[in-house]
1. Inside the range 227-251, can you point out the residues that are under 19 Å from residue 284 (Cβ atoms) and of a type in the set (D, E, K, R)?
2. Output the residue which, of all residues in the range 309-327 that are open to solvent by less than 50 Å² (accessible area, probe 1.4 Å) and of a type in the set (Val, Ile, Thr), is nearest to residue 218 (Cα to Cα).
3. Here is a check on your reading of the model: is residue 48 under 19 Å from residue 232 (Cα atoms) and aliphatic (A, V, I, L, M)?
4. Need pairs with beta-carbon distance below 9 Å; first residue under 15 Å from residue 42 (Cα atoms) and within the range 10-25, second of a type in the set (Ser, Thr, Tyr) and open to solvent by less than 30 Å² (accessible area, probe 1.4 Å); sequence gap 6+ or separate chains.
5. Hey, does the range 92-99 have a residue that's crowded, with 18+ Cβ neighbours inside 10 Å and in contact with a Phe, Trp or Tyr (Cβ under 7 Å, 6 or more places away or on another chain)?
6. With the requirement that a residue be among the aliphatic types (A, V, I, L, M), surrounded by 19 or more Cβ atoms within 10 Å (Cβ to Cβ) and touching a Pro at 6+ places or on another chain (Cβ under 9 Å), what does the range 199-232 give you?
7. Please go through the range 263-277 and pick out each residue that is assigned to a helix (DSSP H, G or I) and crowded, with 18+ Cβ neighbours inside 10 Å.
8. Restricting the search to the range 67-81, which residues are open to solvent by 90 Å² or more (accessible area, probe 1.4 Å) and out of contact with any Phe, Trp or Tyr (no Cβ under 9 Å at 6 or more places or on another chain)?
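The values are calculated or read from the model by the stated rules, or taken from the named source; none is laboratory data. Model, not experiment: these values are computed from the prediction. Counting neighbours? That spans all protein chains shown, and the Cβs are built from the backbone with ideal geometry, glycine included. Heads up: the accessible areas ignore ligands, DNA and RNA and are worked out on the full protein's heavy atoms, side chains in. Shrake-Rupley method; radii C 1.70, N 1.55, O 1.52, S 1.80 Å.
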Amino acid sequence: MIRKIANTIGTRAFSAIFNLLIAILISQYLGTIGKGQQGLIIATITYILVFSNLIGGSTLVYLAPRYGVRRLLLPSYAWTLLMSLAFYFILKITHIVNPEFILNICILAILSSVISIHTNLLISLEKIRKANFLGVLQPLIVLALVLLFFIFSQDATIDKYILALYVSMAGTIVLSFFFLKKHFRNSNHSPQPQFKLIKEMFRLGILNQLSHIFQLLSFRMSYYWLGQVYSEAEVGIFSNGTSLIESVWLISRSISMVQYSKIVNMHKKKEAQKLTLDLSKLSFVLSFIFIIPLILLPSSVYVFIFGEGFGSVRTVIHSLAPGVLFLNLNIIISHYFSGTGKYHLNTIASFVGLCFAIPLFAWMIPSFGLTGAGFASSISYLITTSIILLYFKKESGVNFKEFIIKKNDILFLKQSIKNLFN
């Protein structure tokens, strides 16, 4: 398991580095407004994707061992097309993004959703390395093309970035088909009728994705709020700060992906709970170590990296840091509940966090700008994490004192790091 975690952390680290380099290039060549446009495009694709994942999301990891790969594909594809079509009309009516980007956003959301479907199916088959490779390939292709367009061809526009997204996603989809090809054949899984399977996919998907929908609203609603109250320039600054501080989550998300694939195949709940507790503390300590340098860097470094106008990135990082750090616990524990089929608990925790986020954004963003957006998000993250911790305590009987880092945990951390390098 440690090797799978190591591989996942390694590939996600490369992915994060590639995405950071993309953000730097866009910031340097297109400025705060161009970076704001890119941030809104990616945020909107992500919103469509989270609704598409009502059918084709991480519940596929839970369902694939029970029903096989082939039977899950057609309903997932059909729902993806339906959601992108629905959002095309929603975006046309609401005008929350620039109208010239709407069609591209919806098509890219379809491509992104297909990648997500295939990746989740690979995880369900415990093909972690292949799933990780897909995750790192797409940003690598984007980076290569952005370098080609912006530097070598000297054609730096947001349209060229969108073209890079198209090429990278199409290439990743082709490779993912190749990885899954031999699993498309029928296999000896549950003979449940297709309409009942689709009903089950909806039931579990809604329970699971509602949590992600509420979380994403808490995570990215601030982009649109800043864009409406201020301008795309503020969105560009905030998106860069958010991307940097949230890169810390690659540790917990890497750990949780392997944890999830293990728990769905576990039969002893106590073992799953012990694994979750150990991995929560491991994730928290590693994230704390990685978050310190981001907090200590002066504004001048961020101006040097991203260009003029991005000095306030440091303010964004400081305001988001407490919530981002503690949400690591939520990421690990929520995957325990997902792996045991109790998606509704994650949904409740995320909904409570969102209920606090909305009034906080309404008050703090107009009053305090970028700092207000960061602190409002942090408070929402802390509340979400507190709720999920209470549910885990009730479920497992674990005392909160057991989350305190002890000598044995340090030894576990040292051994885990040693195993990573081995």
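1. 246
2. 324
3. So residue 48 fails the test.
4. If the second residue must be of a type in the set (Ser, Thr, Tyr) and open to solvent by less than 30 Å² (accessible area, probe 1.4 Å), the pairs left are 22/161; 23/239.
5. No, the range 92-99 contains no residue that is crowded, with 18+ Cβ neighbours inside 10 Å and in contact with a Phe, Trp or Tyr (Cβ under 7 Å, 6 or more places away or on another chain).
6. Result: 201, single match.
7. 263, 272, 273, 275, 276, 277
8. 74, 81 - these are the residues of the range 67-81 that are open to solvent by 90 Å² or more (accessible area, probe 1.4 Å) and out of contact with any Phe, Trp or Tyr (no Cβ under 9 Å at 6 or more places or on another chain).
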